Amino acid sequence: MIIMLVGIAFALFKSVNELVFSMLGGMVAFIPNAYFALRTNQSFGKEAKEILNSFYVAEAIKLLLTASFFLMAFQLPNVQIIPLLTGFITALSISWFALLIR
């Protein structure tokens, strides 16, 4: 929801093209993190070594997904880097602040 608000702010003050790249930046962060959460949740109830291995594999795949999504985003014509990175950083900071609130 916060990512949508940032995208709408870009659309209001800049252009719809920047809204698209802001939302894309949020998705570049959201999809790999969702994969990580689903993958590590599947290791519930297993031995500690299996859980640790699951975390390592999930984190490695998350980093590869993030890098590949950024590579794909930079291949788009007329890429807007500031909105892309703003959406990405906003999505990441939401999860960091959520941990502080708990």
Residue-wise HN-Hα coupling along region 52-68, computed from phi with Karplus coefficients 6.51, -1.76, 1.60 (Hz; x: Gly, Pro): 4, 4, 4, 5, 4, 5, 5, 5, 4, 5, 4, 5, 5, 4, 4, 5, 5
Please report the equivalent ellipsoid semi-axes of the chain, computed as sqrt(5 x eigenvalue) of the Cα gyration tensor, largest first, in whole Å. 30, 16, 8
Hey, can you rank 81-87, 93-99, 49-55, 13-19 by average C-beta count inside 10 Å, highest first? 81-87, 13-19, 49-55, 93-99
Less than 24 Å apart at the alpha-carbon level, and either on another chain or at least 8 residues along: which lysines does that give for LYS62? LYS46, LYS49
Rounded to whole Hz and in sequence order, give me ³J(HN,Hα) for region 25-35 from the Karplus expression 6.51 cos²θ - 1.76 cosθ + 1.60, θ = phi - 60°, writing x for Gly and Pro. x, x, 6, 4, 7, 5, 4, x, 5, 5, 4
Could you work out the helix-only [θ] at 222 nm for the chain, with each DSSP H run of four or more residues adding -39,500 (n - 2.57) and the total divided by the number of residues, to the nearest 500 deg cm²/dmol? -29500 deg cm²/dmol
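Computed from the coordinates by the stated procedures, all read-outs in this text should not be read as laboratory data. As the structure is a computational prediction, the values presented were derived from the model and not from experiment. In this analysis, Cβ positions are derived from the backbone assuming ideal geometry, glycine residues included, and neighbour counts consider all displayed protein chains.
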